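The block underneath contains the structure these notes are about, expressed in structure tokens.
None of the figures in this text is laboratory data; all of them are computed from the coordinates on show. Model, not experiment: these values are computed from the prediction. Note that we place each Cβ from the backbone using ideal geometry, even for glycine, and neighbour counts take in every protein chain shown.
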Amino acid sequence: MSIHIGAPEGAIASRVLLPGDPLRARFIAENYLEGAECYNEVRGMYGYTGTYKGERISVQGTGMGMPSHAIYVHELINSYGCKTLIRVGSCGSIQEDVKIRDVVMGISSSTNSSMATQRLNGMNFAPTADWDLIAKASEVAKTMGLNMKAGNILSSDSFYDENPESWKLWAKYGVMAVEMEAAALYTLAARFGVKALCLLTVSDSLVTKEETTSEEREKTFTQMMELALETAIGVEA
């Protein structure tokens, strides 16, 4: 048991999906995992372990933003020995060709957060995904007939930015979409030598102003969920 996860030793699988929304964690457990058991309700941040196609897998809500996400990732790795962590979240598109409900894979994650520079004495760090997971997700996406977008994403510390047009600068440099957690996930995975990947579904577009509802974000991003599950069991735990 760790500070924020009330699970006994052995209750969490080595492969973990990480939705920010704890209700999405419950949805994945109820709809995809066999024999799913809830191991965590601390702070309402649900965590479940079950099996998917005979492979043991967990799903753990992490909350919004890098500070919250980093707490759960740190404890999953260091208190429970988790080795493969895949974020399954939502993002806002900042490119015209990245459409609502597209699935996006973050190969790398830029950030406006100071978390990485604090760790590295003011120096810059380029947080990137694990190659085995990138390759497997690409392979699975093709078998699913999924036109997945892949590239650089932005992990932002701010949801309501003081400058609502600030995303346009990142867009000029080819960044595909903005979310709030991946840079912390990739940094911690690098620090502790585990595999990590961020898969996202576009929930809204800063370009076209289209958006999905909170219920849609919780329950209808199933292609991303299936891609993450197939990717997780397709690499060595």
Restrict the check to region 89-106 and report whether at least one residue is in contact with a Pro (Cβ under 8 Å, 6 or more places away or on another chain) and surrounded by 15 or more Cβ atoms within 10 Å (Cβ to Cβ). yes
Please state which one of G44, G20 is surrounded by fewer than 21 Cβ atoms within 10 Å (Cβ to Cβ) and within 19 Å of E75 (Cβ to Cβ). G44
Cβ contacts < 7 Å: first residue in contact (Cβ under 8 Å) with a residue 12 or more places away in the chain and under 13 Å from L199 (Cα atoms), restricted to region 119-147; second residue assigned to a loop (DSSP other than H, G, I, E, B) and hydrophobic (A, V, I, L, M, F, W, C), any location; separation 6+ or different chain. Result? L133/V235; K136/V235; A141/M148
Odd one out for G151, checked against (1) within 21 Å of the chain's Cα centre (by Cα); (2) at negative phi; (3) without any contact (Cβ under 8 Å) to a residue 60 or more places away in the chain: (2)
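Take Y186 and decide whether it is within 25 Å of T62 (Cα to Cα) and part of a helix (DSSP H, G or I). Don't jump to the end; show me each part of the working.
Working: within 25 Å of T62 (Cα to Cα): yes; part of a helix (DSSP H, G or I): yes.
Yes; evaluated as a whole, the condition is true for this residue.
Among the strands (runs of 3 or more DSSP E) confined wholly to region 46-153, which include 3 or more residues that are more than 18 Å from Y173 (Cβ to Cβ)? Lay out the reasoning, then the answer.
Working: elements: 47-52, 55-60, 84-93, 103-111.
Output list reads 47-52, 55-60, 84-93.
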It is to be established whether one or more residues within region 126-135 are aliphatic (A, V, I, L, M) and crowded, with 20+ Cβ neighbours inside 10 Å. yes
Exactly one condition in (1) surrounded by fewer than 23 Cβ atoms within 10 Å (Cβ to Cβ); (2) of a type in the set (A, V, I, L, M, F, W, C); (3) free of Cβ contacts under 8 Å to residues at least 60 places away in the same chain; (4) part of a helix (DSSP H, G or I) is false for C38; which is it? (4)
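Filtering region 2-17 down to residues that are surrounded by 15 or more Cβ atoms within 10 Å (Cβ to Cβ) and among the hydrophobic types (A, V, I, L, M, F, W, C), which residue is nearest to the chain's Cα centre (by Cα)?
Initially, region 2-17 is screened for residues surrounded by 15 or more Cβ atoms within 10 Å (Cβ to Cβ), giving 2, 4-7, 11-17.
Among the residues that remain, those that are also among the hydrophobic types (A, V, I, L, M, F, W, C) are: 5, 7, 11-13, 16-17.
Numbers: I5: 18, A7: 21, A11: 21, I12: 17, A13: 17, V16: 10, L17: 7 Å.
Once the filter is applied, the top-ranked residue is L17.
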